[in-house]
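**Q** I am attaching a structure below and will ask some questions about it afterwards.
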Amino acid sequence: MRPLTAHEVDRLIAELPTYHVPEGSHPQASLAGLHDTVLLTALAGRRVGAARAGRRTSR
């Protein structure tokens, strides 16, 4: 787990791609299926972290 600064969290969120559903369409999917996500973890001391690429974070 890598702790992130507030600036890094802001940057990760700002860099998420934006998708626009065409007007008049009615997608049959959950929101999780329509947009990219960032998985963040609450750490001690009111910090936030993200998993390091390619590493398991449990067990």
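The values are calculated or read from the model by the stated rules, or taken from the named source; none is laboratory data. Everything quoted here is computed from the prediction, not taken from an experiment. With ideal geometry, Cβ positions are generated from the backbone for all residues, glycine too; neighbour counts draw on all protein chains shown. We work out accessible area using only protein heavy atoms, side chains counted, and drop any ligands, DNA or RNA first. Shrake-Rupley method; radii C 1.70, N 1.55, O 1.52, S 1.80 Å.
**Q** If a residue has to be surrounded by 10 or more Cβ atoms within 10 Å (Cβ to Cβ) and not in a helix (DSSP H, G or I) to count, how many in the range 1-20 make the cut? First the steps, then the outcome.
**A** To start, the set of residues in the range 1-20 that are surrounded by 10 or more Cβ atoms within 10 Å (Cβ to Cβ) comprises 1-5, 8-13, 16.
Right, trim to not in a helix (DSSP H, G or I) and you get 1-5, 16.
Residues in the range 1-20 being surrounded by 10 or more Cβ atoms within 10 Å (Cβ to Cβ) and not in a helix (DSSP H, G or I): 6 in total.
**Q** Within the set of pairs 6+ apart or on separate chains, which have a first residue in the range 29-49 that is open to solvent by less than 70 Å² (accessible area, probe 1.4 Å) and at pLDDT 90 or above, a second that is of a type in the set (A, V, I, L, M, F, W, C) and part of a loop (DSSP other than H, G, I, E, B), and C-beta atoms under 8 Å apart?
**A** Hits for this filter: Thr41/Met1; Thr41/Ala51; Leu43/Met1; Val48/Leu40; Gly49/Met1; Gly49/Leu40.
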